[in-house]
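The structure under discussion appears below in the form of structure tokens.
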């Protein structure tokens, strides 16, 4: 029981945000997050054996699966409560701006990370909860683009979601946004031929529901629409910042199997506790089971993920730190083996047997 309780910390932090929103003291939320980070970092990083044991627990323990699903429901309810607070308790400009930023930060760190986890599930109830969370942040194209696009093309020239060496975050953001829209709404996308029509139909339906919800919010109070769309835009930018950091400069030739060397990682326990293991990212993309690999051999970020996200906003500093690391890493790491094309079904791999054996 105690082992699962630590994963409820994102829910309790969201409750803190709700309480501060009720008291119109939202700026304190950022201070609380900063204060908690200091002792959180003191619990250290995962070792190989500990990480394997924790990942096995995270993906196979039944109570842990219940925690994930219960947390998803809580996040959906909390977002509804925030909309109610915005409608019923008018905020001044300072508190409204702070609430918008705090909601985007919490939804991006806690809720979208969990949505990403549930989106990959084979169990339909988990996927539906993932879709509900994606609805809360207005991301209709996430699932199909992520699974059938990014996971298949990671590190290759085809994937705009894998940033090139020397590509600034701002150039990356414009390029990847256009690719996501093309993949999601055009039958001329680069997704597998057999799923383009169904992806387009699904995304159009999802987008129609979002448009109806937006109209409903506007009719209730225009400020609700402003709040919902504002935090959704910020969550999307945070999502792309995360993609930029996790895959910057890591290239893969066509036909080469995805390996640990194709994603950046952070093994801090506290960071992964808050993000549902989002920052132990290399195993998430592997095409083979983990038994014969050391999880700690993938590229490691030089600083905390939160600091890396901030640094990505300053391209000259980012390039000065990351480009030399990539050059040294390419000399050190051996490339992954060629994939056996006879065993690959393009556009269908979801890696359940690797990172979520519970489903």
Compute the relative contact order of segment 2-355 as a whole-number percentage, counting only Cα pairs closer than 8 Å that sit 6 or more residues apart in sequence. 22 percent
Inter-label distance, nm, simple model (7 Å from Cα along the C-beta direction), residue 323/residue 204: 4.5 nm
Helix-derived mean residue ellipticity, 222 nm - over the chain, DSSP H n ≥ 4, -39500 (n - 2.57), to 500: -19500 deg cm²/dmol
Hey, what did segment 57-216 get for relative contact order, percent, Cα under 8 Å, at least 6 apart? 16 percent
For a label point 7 Å along the Cα-to-beta-carbon line of residue 127, residues of segment 174-194 with backbone N under 19 Å: 184-185, 191-194
Report the full-extension gain for the segment residue 18 to residue 34: residue separation times 0.36 nm, less the Cα-Cα distance, to one decimal in nm. 4.0 nm
Assuming R0 = 51 Å, can you tell me the calculated FRET efficiency for the pair residue 168 and residue 221, based on Cβ-Cβ distance, to the nearest 0.05? 0.85
Post the alpha-carbon centroid distance, segment 109-181 to segment 291-321, in whole angstrom. 19 Å
Label point distance in nm, residue 60-residue 303, each placed 7 Å from Cα along Cα→Cβ: 3.8 nm
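Read the figures in this text as sums done on the coordinates, not as results from a lab. None of these values were measured; they are calculated from a predicted model. All Cβ positions, glycine included, derive from the backbone under ideal geometry; neighbour counts span all protein chains shown.
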